[in-house]
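Here's the structure, in structure tokens; my notes come after.
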Amino acid sequence: MRNLLCLIGCLLALTSQGQELKPTVYYMGLPHVSKAAKDIHAGIVKPADDDVMASIMDSMSTENSDTRPFYIFLVSKTLYLTRDKELKQSLGSACRRYIQNRPDDAVLLLFSKTVKPVYKDAWAKAIAEDIDANCETTLKECFRQSRLLALEMCKTDNKDKLEIIYNQIRANLQLSVR
């Protein structure tokens, strides 16, 4: 009985850490994924810097662990594909806030085998641009603060992957390592 309880506890710990993106057809069939998100993913509606995308960015933080990966994916896909500067800035700001507050969810999805590596690169570039555009001190200090906030919230098992993203951000900001 003790072994069974231990096994259940381990399984719960693994599932609470996050999950990989399922095939997008799965999310398209879920009633609790917004119609707007489905339409943007399907290409029916072009993403814009508006309330619809703000809602999708906000949905990355949903407590629904079943749909969260889809919203992170959709923000990542939009960030990579859009040429709209205002939308890219909004997405970059949302990604920066997200990675600083929920780095484990971001890392688990961005390093997932089911997600294109270019999305991780897009996050790093957009976060660097957000730091550059909104920094009130030196870029080095703003970068350091963002990285420390994210590391503080990140589980030990994911810190190496988070550092990979922050090394890309550092490179995009053209900052030296020391």
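Quick notes on this structure:
- Residue selected from region 139-149 under the condition surrounded by 13 or more Cβ atoms within 10 Å (Cβ to Cβ) and among the aliphatic types (A, V, I, L, M), by the criterion farthest from ASP104 (Cα to Cα): LEU139
- Filter pass, ASP160 being charged (D, E, K, R), touching a Cys at 6+ places or on another chain (Cβ under 8 Å), modelled with pLDDT of 95 or more and under 25 Å from LEU21 (Cβ atoms): no
- Condition met for LYS120 (under 19 Å from MET60 (Cβ atoms) and not β-branched (Val, Ile, Thr)): yes
- Count of residues meeting criterion [assigned to a helix (DSSP H, G or I) and not hydroxyl-bearing (Ser, Thr, Tyr)] in region 166-178: 7
- Criterion (without any contact (Cβ under 8 Å) to a residue 40 or more places away in the chain, exposed (fewer than 15 other Cβ atoms within 10 Å of the Cβ) and part of a helix (DSSP H, G or I)) met by exactly one of GLU136, GLU152, GLU163: GLU152
- Output for region 86-124, where each listed residue is assigned to a helix (DSSP H, G or I), surrounded by fewer than 19 Cβ atoms within 10 Å (Cβ to Cβ) and basic (Lys, Arg): ARG97
The values are calculated or read from the model by the stated rules, or taken from the named source; none is laboratory data. All values reported here derive from a predicted model rather than from experimental measurement. All Cβ positions, even for glycine, are placed from backbone atoms using ideal geometry, and neighbour counts span all protein chains on display.
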